[in-house]
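Please read the structure below before turning to the comments.
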Amino acid sequence: DASWDWVGYTADSGRTFIKRPITLANVDYNGYGVNLTFGFGIAGVKAFDQNNILVYGDYGLVPAILKSTNGGVSYLLVYHSQVGPTTFSTLSDMIFPQDNTVGFAVDGYKVIKTTNGGSNWSVVYNGSAPALGALDAIDNNNVFAYSSDNSNTTGGMVKTNNGGGLWQAVTLPDPRLMSADFITPSRGWISVNQNFDSSLIYYTSNGGASWVKKNSGLVNPIQLVDMHFVNDSVGFGIGGLY
């Protein structure tokens with residue numbers, strides 16, 4: 001669980017949380033020059049176990065990653081890099097596809113990768129436009145990065161099948177992308193914004209070479225800001241104000 005300035009630790013399945021704040025005093029800035037005016041803005045948390053966690057977000061809109069080995073009591077700043085000289089951003093998504101030491105994160109235009117559990121990161125994709133705000137992966141080799149701003153009429157998606165060594169653009173049926181979920185490198189779904197009150201769902205069976213629209217978006221309209229499919233038939237989507 002994450003809020004603006006603390007990470008929540010639970011030992012009772014989420015019934016109660018112990019607040020573990022990220023402060024000026026419990027972070028080792030590791031030699032980075034950091035804008036501490038607004039503190040650390042948390043975008044998400046990745047927990048490997050109760051002690052080893054990564055917290056991602058930004059310091060003053062400069063993408064950053066904090067690493068803790070004591071469950072969030074103290075942190076080491078392991079990544080701090082701006083997208084561009086005049087671009088403000090945050091580290092908006094992070095995934096460890098096989099829940100091991102290989103992970104990926106995205107900060108707007110760049111995809112970064114770690115092979116040692118988040119201690120070190122390197123850029124594996126450096127794009128220009130469209131902005132990339134979310135990730136989806138099948139395994140450590142097959143990763144999709146895509147726009148997740150539902151007002152973005154120039155949204156896009158790129159994919160790799162060799163762990164970030166090479167990337168290729170995925171042709172989308174509609175650029176107003178909100179979410180995506182792939183269950184194999186070939187089979188996946190995307191949710192596309194339709195007039196800000198409903199989603200169109202598209203399905204591909206060939207890795208995005210072609211897409212089939214699965215609904216009209218007019219029956220029980222809801223915007224699906226995130227999706228997860230279990231198999232070809234069963235999927236879950238979330239949306240709505242609350």
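Condition check: within 27 Å of Leu177 (Cα to Cα) and hydrophobic (A, V, I, L, M, F, W, C). Does Leu61 satisfy that? Against the criterion (within 27 Å of Leu177 (Cα to Cα) and hydrophobic (A, V, I, L, M, F, W, C)), Leu61 qualifies. Applying the condition of being within 21 Å of Thr90 (Cβ to Cβ) and among the acidic types (Asp, Glu) to segment 1-27 and asking which residue is surrounded by the fewest Cβ atoms within 10 Å (Cβ to Cβ) yields Asp1. Counting only strands (runs of 3 or more DSSP E) that fall entirely inside segment 52-155 and contain at least 1 residues that are open to solvent by less than 40 Å² (accessible area, probe 1.4 Å) and not aliphatic (A, V, I, L, M), the qualifying elements are 53-59, 62-68, 75-80, 93-95, 103-106, 110-114, 134-137, 143-146.
Residues in segment 226-241 that are open to solvent by less than 100 Å² (accessible area, probe 1.4 Å), of a type in the set (A, V, I, L, M) and not in a strand (DSSP E or B): Val230, Val234. Quickly run through segment 28-44 and pick out the residues that are open to solvent by 80 Å² or more (accessible area, probe 1.4 Å) and outside any strand (DSSP E or B). Scanning segment 28-44 gives Asn30, Gly31, Tyr32, Thr37, Phe38. If you go through segment 176-193 and keep only what is open to solvent by less than 60 Å² (accessible area, probe 1.4 Å) and more than 19 Å from the chain's Cα centre (by Cα), you end up with just Ser186.
Residues are listed down the side, and each one gets a yes or a no for (1) closer than 22 Å to Val124 by Cα; (2) within 20 Å of the chain's Cα centre (by Cα); (3) at pLDDT 90 or above; (4) open to solvent by 60 Å² or more (accessible area, probe 1.4 Å):
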{"position": "Gly165", "(1), (2), (3), (4)": "yes, yes, yes, no"}
{"position": "Asp174", "(1), (2), (3), (4)": "no, no, no, no"}
{"position": "Asn195", "(1), (2), (3), (4)": "no, no, no, yes"}
{"position": "Thr204", "(1), (2), (3), (4)": "no, no, yes, no"}
{"position": "Val219", "(1), (2), (3), (4)": "no, no, no, yes"}
{"position": "Gln223", "(1), (2), (3), (4)": "no, yes, no, no"}
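The values are calculated or read from the model by the stated rules, or taken from the named source; none is laboratory data. What you see is a predicted model, and the numbers here were worked out from it, not measured in a lab. Please note: Cβ atoms are built from the backbone with ideal geometry, for glycine as well, and neighbour counts cover all protein chains shown. The protein model used for the area step is the full one, side chains on, heavy atoms only, and it has no ligands, DNA or RNA in it. Shrake-Rupley method; radii C 1.70, N 1.55, O 1.52, S 1.80 Å.
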